[in-house]
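Notes for the one structure printed next.
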Amino acid sequence: MVSSEGIGRLAIVALGAAVFAVIGVALFVIYPDTLADLVGVLVALAVIVLGVRIAGSIAENLFPGYDVAEVAVDGPITRDGGGGRFPSSPGSTPADDIVEQIDRADEDDNVDALLLKLNTPGGEVVPSDDIKLAAERFDGPTVAYTTDVCASGGYWIASGCDELWARDGSIVGSIGVIGSRVNASEFADKVGLSYERFAAGEYKDAGSPLKEMDDSERAYLQGLIDDYYETFVERVSDGRDLEPEFVRETEARIYLGEQAHEMGLVDHLGTRREIEDELADRLEVDAVTVEEFEPERPLMARVGGGAQSLAYAFGAGIAGIVGDREFRLRF
């Protein structure tokens with residue numbers, strides 16, 4: 001059954017095509033005797049095509065074909081979608097781009113609800129929090145759902161939504177924080193490298209891979225991890241209405257969707273279609289139409305993405321080791 005919006009869009013496009021067809025024929029075929037008939041017809045057709053595009057744009061604005069926005073968080077969560085000077089997973093999406101799309105959906109008068117698709121193992125701390133805050137700012141129902149993985153930073157983001165849906169076999173949880181460093185001090189000794197310290201502040205070079213850490217440095221860095229963890233527990237506890245002690249007792253374990261649902265880490269189990277049916281009931285409409293909100297990527301960025309994928313396949317393992325030159329925090 002065709003909706004009233006669909007009929008309205010079709011009527012506007014048909015009317016626009018007819019109007020511009022008449023204008024094109026009148027201007028380029030009937031009146032100018034000096035123009036060759038063939039050229040006139042070709043120009044008229046060009047005007048008709050332009051008119052259809054203009055009418056289509058007007059119709060889309062007057063009769064929008066969507067009422068739910070979907071924004072995807074795919075792959076590791078980073079600030080810029082990359083890993084600095086070394087290639088990271090090509091499937092990651094810049095956190096700032098995700099925030100921008102959520103805010104764009106919030107400003108779109110056609111959007112009544114937000115679907116946040118999460119398929120991520122987690123990532124950097126502050127970018128994850130930025131996405132969560134953007135979801136909390138959205139004025140309307142917000143539903144997070146995961147197909148494969150909603151772990152760590154992904155679960156942090158989900159705690160900013162009204163509901164979290166998963167599939168039976170989805171991986172959910174890993175509510176914890178990790179810090180890492182490469183200890184290359186023995187390797188440096190073998191190749192004749194030595195570490196000479198020039199720093200102001202006792203802990204300025206804490207975690208440097210070229211020297212052994214002492215107990216006070218370990219305690220200092222572990223304290224940072226503990227502080228982030230307590231913040232994580234607090235955010236999840238508030239957003240998901242869970243007891244803080246229960247969250248701690250998970251000990252950053254991961255769970256399959258069915259078990260996560262039984263534990264209360266997930267609100268509902270279901271397919272994408274079932275989620276849309278639930279949103280339709282909530283918005284009091286027969287059915288919802290979902291529009292994917294994605295950042296525009298220029299040609300050079302798409303080419304660069306392909307090159308990054310090749311680089312990742314060739315050397316991601318080495319980059320992962322060499323890139324951890326200092327202490328790093330992530331979910």
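The values are calculated or read from the model by the stated rules, or taken from the named source; none is laboratory data. Everything numeric here is computed off the predicted structure, so don't read it as measured data. Quick reminder, even Gly has a Cβ in these numbers, built from the backbone with ideal geometry, and neighbours come from all protein chains shown.
Yes/no matrix, rows are residues, columns are (1) touching a Lys or Arg at 6+ places or on another chain (Cβ under 9 Å); (2) modelled with pLDDT under 90; (3) small (Gly, Ala, Ser):
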position	(1), (2), (3)
Val247	yes, no, no
Ala301	no, yes, yes
Ala311	no, yes, yes
Ala316	no, yes, yes
Ile321	no, yes, no
Which listed residue is among the hydrophobic types (A, V, I, L, M, F, W, C) and within 24 Å of Gly123 (Cβ to Cβ), from Leu269, Leu224: Leu224
Verdict on Arg297 being at pLDDT below 95 and part of a helix (DSSP H, G or I): no
Neighbours by Cβ (under 7 Å, 6+ apart or cross-chain): first from region 262-285, free of Cβ contacts under 8 Å to residues at least 24 places away in the same chain and within 30 Å of Ala252 (Cβ to Cβ); second among the hydroxyl-bearing types (Ser, Thr, Tyr) and surrounded by 14 or more Cβ atoms within 10 Å (Cβ to Cβ): Met263/Tyr255
Residues of region 203-232 satisfying the condition of being of a type in the set (Gly, Ala, Ser) and surrounded by fewer than 14 Cβ atoms within 10 Å (Cβ to Cβ): Ser216, Ala219, Gly223
Asp227 being of a type in the set (Asp, Glu) and more than 26 Å from Trp156 (Cα to Cα): no
Number of the exception - Gly169 against (1) surrounded by fewer than 18 Cβ atoms within 10 Å (Cβ to Cβ); (2) not assigned by TED's automatic domain parsing to the domain that holds Thr78: (2)
Selected residue (criterion: modelled with the lowest pLDDT) from residues of region 52-86 that are assigned to a loop (DSSP other than H, G, I, E, B) and farther than 15 Å from Gly123 by Cα: Arg85
